[in-house]
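Chemist: The structure that follows is given in the form of structure tokens.
Derivation of every value follows stated rules applied to the coordinates shown; laboratory data play no part. Keep in mind that this is a model prediction, so the values were computed, not measured. Ideal geometry is used to build each Cβ from the backbone, glycine not excepted, and the neighbour counts take in all protein chains shown.
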Amino acid sequence: MPADDVPDQSVGSQPVGAPGQTADGSAGTPPAEAVAAVVTGRERLGRDVLVLGVVAFFVMVGFGVVVPVLPVYAQSFGVDHVLVGAVLSAFALMRLVASPFVGRMIDLAGERVVLGAGIGIVALSSGLAGVAADYPQLLLLRGLGGIGSAMFTISAMTLLLASTPPHRRARSIGFYQGGFLVGGMAGPAIGGVLSTVSLTAPFFFYAATLAVAGLVGVVLLRPGGREAAVTGEPPTPLREVLRDVRFRAACVASFAQGWSSLGVRSALVPVLVVEVLRGPTAWTGILFAVAAVAQTVALAPASRYVDRVGRRPAVIGSFAVAAVSLAAVPFAPHVVVLGALLAVYGVATAFMGTAPAALVGDAAGARGGRPVAIFSMCSDVGAIAGPLVAGLLVDSFSYGVAFGVAAALLAAASLAAVRIPRERARAS
């Protein structure tokens with residue numbers, strides 16, 4: 001586990017050409033037989049990776065069911081729009097507040113225990129939200145759900161990085177994120193059907209899917225303590241991780257993506273469609289579906305690229321493409337052009353979601369609970385601040401300025417990755 005009293009074994013402190021580094025300083029050169037398996041496509045993902053992908057699917061199906069009805073459900077308590085927004089923000093805010101403590105929880109109890117407990121908290125709070133007697137109860141339960149969500153996401157990513165060899169790390173992350181994407185596409189459709197039954201039915205469905213996810217995780221994930229043996233990487237002291245240029249670049253990328261994807265794109269595109277393009281709100285769902293499909297289709301080849309070619313070029317290229325496409329969004333003259341831009345952004349997001357996380361695993365080594373927590377917090381801060389600042393920029397200036405600021409952050413992430421050193425591959 002990362003600890004300050006562990007001897008300095010930071011990967012980032014190795015000299016050029018040191019064993020365990022690839023041409024771009026990302027992942028270790030695997031043994032000859034592993035290389036052959038990767039090239040021929042015969043290599044399989046580990047059991048923990050497959051289980052985490054299934055868990056992610058069930059979690060996101062339930063989340064996608066609840067999100068569309070949550071604002072309407074909150075309004076049913078007779079509150080104004082500000083308090084409705086508070087219910088939505090409470091989840092993200094408590095995720096951010098809880099994240100610094102989750103890394104320590106993982107160090108003490110292990111990824112598997114924290115993951116199961118986190119899913120259990122979200123399941124219980126979601127089920128109780130469906131029977132909340134008043135608005136304060138709903139707000140409190142959503143906040144508790146945010147704490148559980150932080151426990152689940154950070155422990156799952158920590159376990160994923162720790163249980164995957166460096167040469168297969170990005171593909172494992174891609175499979176895990178694929179579970180989220182497919183579940184996220186299925187959830188709203190199911191939620192639309194359930195909402196015709198009652199406003200509370202989606203909350204009970206969410207609790208049920210989380211119960212399934214938690215059961216799958218607890219039963220099928222391997223007990224803690226063996227992950228480091230799978231990766232062959234020693235834990236890296238936190239102070240060394242924080243100095244590692246790869247980790248710093250990953251955190252900049254995480255903040256920029258949280259700001260642009262979770263914040264600006266999700267918050268402003270729906271309004272842009274109605275106010276600027278004068279289209280119906282249904283267009284927004286279609287546009288986001290197109291972007292999600294593009295991201296899902298690109299996920300597998302993007303993950304292979306990140307593992308085989310390297311993290312550095314993937315981050316530089318994808319964040320640059322995302323910056324250009326997002327900057328052009330407010331100037332799209334037609335919904336078809338807007339859809340094409342969002343599809344390009346979706347393809348870039350496939351790289352943006354895998355490469356920075358793989359960099360964190362490369363920098364932190366085994367058992368990187370606290371580094372993963374910091375990485376996650378960067379995204380949460382961007383996701384919380386992005387919509388607020390973007391809304392202020394739209395009110396004070398224009399959509400072009402709001403999207404331009406988001407594009408500038410993406411460009412900064414691309415430039416930050418340039419500082420990742422080019423390492424020579426180990427001679428075979």
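Chemist: So what's the angle, to the nearest 10 degrees on a 0 to 90 scale, between helix 169-195 and the longest Cα principal axis of the chain?
Modeler: With both axes taken from Cα atoms, the answer is about 10 degrees.
Chemist: Still on this structure, please answer the following. Using mean Cβ contacts within 10 Å as the protection proxy, how do 311-323, 121-133, 281-293 order, highest first? Write down the numbers at each step before the final one.
Modeler: Values: 311-323: 25.0, 121-133: 20.2, 281-293: 15.9.
Taking the mean over residues of other Cβ atoms within 10 Å, the ranking is 311-323, 121-133, 281-293.
Chemist: Follow-up question, since we're still on this one. Which label marks the calculated value of P(r) over Cα pairs in 10 Å bins from 0, in percent, given the options (i) 4, 20, 26, 22, 16, 9, 3, 0; (ii) 4, 19, 28, 26, 16, 6, 1, 0; (iii) 5, 22, 33, 26, 12, 3, 0?
Modeler: So the structure-derived entry is (iii).
Chemist: Taking the 0 to 90 degree range and rounding to the nearest ten, how far is the long axis of helix 399-418 tilted relative to the main principal axis of the chain, both from C-alpha atoms?
Modeler: 10 degrees
Chemist: Using 0.36 nm times the number of residues separating Leu220 and Asp395, minus their current alpha carbon distance, what extension gain do you get?
Modeler: 58.0 nm
Chemist: Mark the label point 7 Å from the Cα of Ile190 along Cα→Cβ and return the residues of segment 113-130 whose backbone N is within less than 16 Å of it.
Modeler: What the label zone holds, given the 16 Å backbone N cut-off, is 123-124, 126-127.
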